[in-house]
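The block underneath contains the structure these notes are about, expressed in structure tokens.
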């Protein structure tokens, strides 16, 4: 099966989007007071690190950065066709009364974010929880929206969005992939994770 | 990497990758027990039954806490308060429990092979929590996790297993796992406590002081007085004189050696109190890690069942029927 691929963000595009998102975060939260970043495994962690670096460059402050693994909170463990990999959560600071920014690569059905919110609440009671994503591809199945979006990318259900980041994949790009004879193959839509 | 088996009956025969996968997964569960709210919703609506035909404090409690931290319901049955006391056979008891549709059965029994026996006959996953002198896989996994936490690696290890190797299921599981990982294993004890097959697991010696020289880890084994039908040594006093891990014996080992013991310990018999409670001892950390290991095992086995029921169900057969019909 041949698939068509279109690069929607290159390395520079990703960097510019993250730079804008960084400024938006700082503007909305009026600086870094009480601000913490929590990345959702795997690529959300890399993106949270990048945002933290950009914040440090602008404000001269290192904001605490944590990691959440949502595997144990997924709503589809019952249907998993392969063994889920648990990589572990690491939130080494209290989140009570903090302004938490959850960071992920792609916002799709919203189920990952739902699980991340459940995981987060187990660690305390943040003052606010905001959501930053590199790509919002639409097709929400839950009432969830992002506060900061690197790129809004209208997609069809049979398309998939691939995010590659230097830290993990050797290069930076966001690619929209479409199967050649799409709608027949699609029943539930590709999973976002 | 995955753990593709339906049960966890022993570590013998598991590959190095499978063992490392179990240890890795266990490590990710440690953090949950450090939280203020020590519970994740992962196994909500699942039922874990433990069936213990032998006394246990640590293992049964550890499985129970692990199940509860995963939000599973946990039902605990011990032989003394059950129909086993009325003469019901193991299989009948287990079948009746299985008929209540648990999602996992944890069994401890004095007979080697009890867990295998049930695994072959029941529909739910079975975890061996100790079968006679055969295996105790979750104990060996928590030993490995503890070693990796402190020695920093699981490759190129030198490990001494000291004491009652003959009756020890912990020693067997440890030896199989350590061999799969390529470790150098030494077995130390009086000849009556070293089974003939021990020579295949590693280097056998009867001298504690010489045996512990150069090892990274010393795993002490409990003298299992309840399993002894005859005399394996002249007296406890004499046994401890030769094989008790004292500070003097410990001084023969590397400075950074770590000491482990599966518990319960016989103070002053196989291990001196000042060693068991001393800086080299990881005994309490083993217990802490035990919960993480059992969480990982329950998580993997219960999820595995869901996956298999989907995969092995009619998926293969159905399209063929459709074609002939249509």
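The values are calculated or read from the model by the stated rules, or taken from the named source; none is laboratory data. Keep in mind the model is a prediction, meaning the values are calculated, not measured. Glycine gets a Cβ as well: all are built from the backbone with ideal geometry, and neighbour counts include every protein chain shown.
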- Task: Take segment B:221-259 and flag every residue that is part of a helix (DSSP H, G or I) and touching a helix residue (DSSP H, G or I) at 6+ places or on another chain (Cβ under 7 Å).
- Result: B:242, B:243, B:247, B:249, B:250
- Keeping to segment B:1-23, report how many residues are touching a residue at least 60 places away in the same chain (Cβ under 8 Å) and in a helix (DSSP H, G or I). 5
- Hey, residue B:215 modelled with pLDDT of 95 or more and assigned to a strand (DSSP E or B) or not: no
- Task: Quick one: in segment B:287-305, of everything that is surrounded by fewer than 24 Cβ atoms within 10 Å (Cβ to Cβ) and either touching a strand residue (DSSP E or B) at 6+ places or on another chain (Cβ under 6 Å) or closer than 10 Å to residue B:104 by Cα (or both), which residue is modelled with the lowest pLDDT?
- Result: B:305
- Find the residue count for segment B:177-193, including only residues that are in contact with a strand residue (DSSP E or B) (Cβ under 8 Å, 6 or more places away or on another chain) and either crowded, with 21+ Cβ neighbours inside 10 Å or touching a residue at least 60 places away in the same chain (Cβ under 8 Å) (or both). 7
- For residues in segment B:32-59 being buried (at least 17 other Cβ atoms within 10 Å of the Cβ) and free of Cβ contacts under 8 Å to residues at least 60 places away in the same chain, which is nearest to the other protein chains (Cβ to nearest Cβ)? B:40
